[in-house]
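Trainee: Take a look at the following structure, please.
The values are calculated or read from the model by the stated rules, or taken from the named source; none is laboratory data. Since the structure is predicted, the reported quantities are computational estimates derived from the model, not experimental observations. Cβ coordinates were reconstructed from backbone atoms using ideal geometry, including for glycine residues, and neighbour counts include every protein chain displayed.
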Amino acid sequence: MKIAVSATGPSLDSPMDERFGRCTCFVIAESAAVEIDPVSNPCATQGHGAGIQAARLIAEKGVNVVLTGRCGPNACDTLEAAGVSVVTGCGGTVREVLERFEAEIGDVTGPE
């Protein structure tokens, strides 16, 4: 399972960015303990439509779940239409958010 966390920086120790569409980057991981793939968010400075464009970017990366603080309705609709689940209300570092998510749902890496 691929998980994207909206972040202020490209590492596991970066604070999570509460904003989805205007976050600096997304940290994509398969679980809290594996390599990450930081992806810069080119939509962050867009005048409008940033959330929808960011949602399309995430869907193109094959992400299954987004962990963020908040996500606008248009971005949520775009993500859900692409089969991406959205979890809002998250906070802490990227590592903490991933670890909490993993602890709540079990092993996010899936069956061996």
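Trainee: Working carefully through the options Val66, Val39, find the one that is at pLDDT 95 or above and surrounded by 13 or more Cβ atoms within 10 Å (Cβ to Cβ).
Mentor: Val66
Trainee: Still on this structure, please answer the following. Inspect region 94-108 for any residue being farther than 15 Å from Cys25 by Cα, modelled with pLDDT under 90, among the β-branched types (Val, Ile, Thr) and buried (at least 17 other Cβ atoms within 10 Å of the Cβ) and give the result as yes or no.
Mentor: For region 94-108, residues farther than 15 Å from Cys25 by Cα, modelled with pLDDT under 90, among the β-branched types (Val, Ile, Thr) and buried (at least 17 other Cβ atoms within 10 Å of the Cβ): present.
Trainee: Let me ask something else about it. Please work out if Ala81 is closer than 18 Å to Lys2 by Cα and without any contact (Cβ under 8 Å) to a residue 24 or more places away in the chain.
Mentor: Against the criterion (closer than 18 Å to Lys2 by Cα and without any contact (Cβ under 8 Å) to a residue 24 or more places away in the chain), Ala81 qualifies.
Trainee: Related question: Out of curiosity, is Ala55 in a helix (DSSP H, G or I) and not charged (D, E, K, R)? Before the answer, list the steps.
Mentor: On the way: in a helix (DSSP H, G or I): yes; not charged (D, E, K, R): yes.
Answer is yes for this residue.
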